[in-house]
Amino acid sequence: DKREIAVPSKTKEILAKHGLTLKKSLGQNFLTEPNILHKIVQTADVTKETNIIEVGPGIGALTEHLAQNAAQVLAFEIDERLITVLADTLQEFTNVTIRHQDVLQTDLVKVTDEAFFENLPIKVVANLPYYITTPIMMHFLESTLPVAEMIVMIQKEVAERINAKPGTKAYGSLSIAVQYYMETEISFIVPKTVFVPQPKVDSAILKLTRRRQPKVQVSNEKAFFRLTKAAFQLRRKTLWNNLQHTYGKDPATKAWLQESLEQAEIDPSRRGETLSLEEFACLSNKMEENAV
Ligand code: SAM
């Protein structure tokens, strides 16, 4: 049987053979369009010189393409029923390791060390479960695992938020959190019709490429991310209102905020969404300098 797993008739047969019904609660929307898989593998430039981490292999539709092209593939799947299915559908591949694990509970550095034989560039390639797209991406970005690229399928609207530029409606703390570490690009849009079952919204392939160093220099990362969250707390409010909302309204705090804003040359009546990463970094560094 030379058909790819993603061919609709083959997917149907696999589900029937294992008596599998898909769980919405686990974000199980399976891809049934081989062309999209080919495009994903192309976009990710998967070669025998790369190791791949996949999240949520499902029945192995994307995994088989990754296995054919990569040095090794390590995949995390939370649903125990799929572990049996994958042992069947991927049996011909010797370079695939499937871990029955919640990726969010996984020590990525440790597991990766155990799984990969060679020290090759690591890429994350996945059709992510939509209910935890952001936590999964942040889990990888905040880990010390040196992921060179992430090529992930996520809801189109979330991809647009991550890729957003200052001054646009979609721009927010998520854009900043990701762009701090990675260059972002929306590679292509995927219509909801190519999934089983069909989700409510369209998807996008988001490509993230690690920057050699973070986009801006901050003296305290935690403080920087706290500031960027604070600035977007209430969308219609000014930066000044939002900062007081998070840091406090007492005279000493107000004086500290005011002085830092002044030194950073940022007008407090602006809205958070107009500030660039550079401006946020500058303000955060001034706030750190002026902190008592
Ligand atoms: N890769 C397959 C495809 O493209 O057709 C399936 C993708 S489906 C959108 C998401 C997969 O992630 C499901 O197989 C689901 O069981 C799995 N999953 C959900 N939550 C997970 C978690 N916390 N850790 C690992 N896998 C998870």
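Residue count for the range 246-286 under the criterion of being in a helix (DSSP H, G or I) and in contact with a Leu (Cβ under 7 Å, 6 or more places away or on another chain): the result is 8.
Please tell me if LEU104 is closer than 21 Å to ILE154 by Cα and surrounded by 23 or more Cβ atoms within 10 Å (Cβ to Cβ). So LEU104 fails the test.
Against the definition (within 11 Å of the ligand (Cβ to nearest atom), modelled with pLDDT of 95 or more, part of a helix (DSSP H, G or I) and within 20 Å of the chain's Cα centre (by Cα)), how does LEU86 come out, yes or no? No: the conditions fail for LEU86. With respect to the conditions (1) crowded, with 23+ Cβ neighbours inside 10 Å; (2) part of a loop (DSSP other than H, G, I, E, B), THR94 lacks only one, and its number is (1). Of all residues in the range 129-144, those that are closer than 12 Å to LEU108 by Cβ have Cβ atoms under 6 Å from Cβ atoms of residues that are in a helix (DSSP H, G or I) and hydroxyl-bearing (Ser, Thr, Tyr), 6 or more apart or on another chain, in LEU141/TYR181. Close Cβ contacts (under 9 Å, 6 or more residues apart or on different chains) running from residues in the range 7-20 that are among the β-branched types (Val, Ile, Thr) to residues that are loosely packed, with under 14 Cβ neighbours inside 10 Å comprise ILE14/ASP88. In summary, THR47 fulfils each of the numbered conditions (1) surrounded by 21 or more Cβ atoms within 10 Å (Cβ to Cβ); (2) assigned to a loop (DSSP other than H, G, I, E, B); (3) more than 8 Å from the ligand (Cβ to nearest atom) with the single exception of condition (1). Within the range 1-32, being of a type in the set (Val, Ile, Thr) and surrounded by 14 or more Cβ atoms within 10 Å (Cβ to Cβ) holds for ILE5, VAL7, THR11, ILE14, THR32. Taken over the range 50-65, the criterion of being closer than 19 Å to ILE205 by Cα, within 10 Å of the ligand (Cβ to nearest atom) and touching a strand residue (DSSP E or B) at 6+ places or on another chain (Cβ under 7 Å) is satisfied by GLU54, VAL55, GLY56, PRO57, GLY58, ALA61, LEU62, THR63.
The values are calculated or read from the model by the stated rules, or taken from the named source; none is laboratory data. These numbers come from a predicted model, not from an experiment. All Cβ positions, glycine included, derive from the backbone under ideal geometry; neighbour counts span all protein chains shown.
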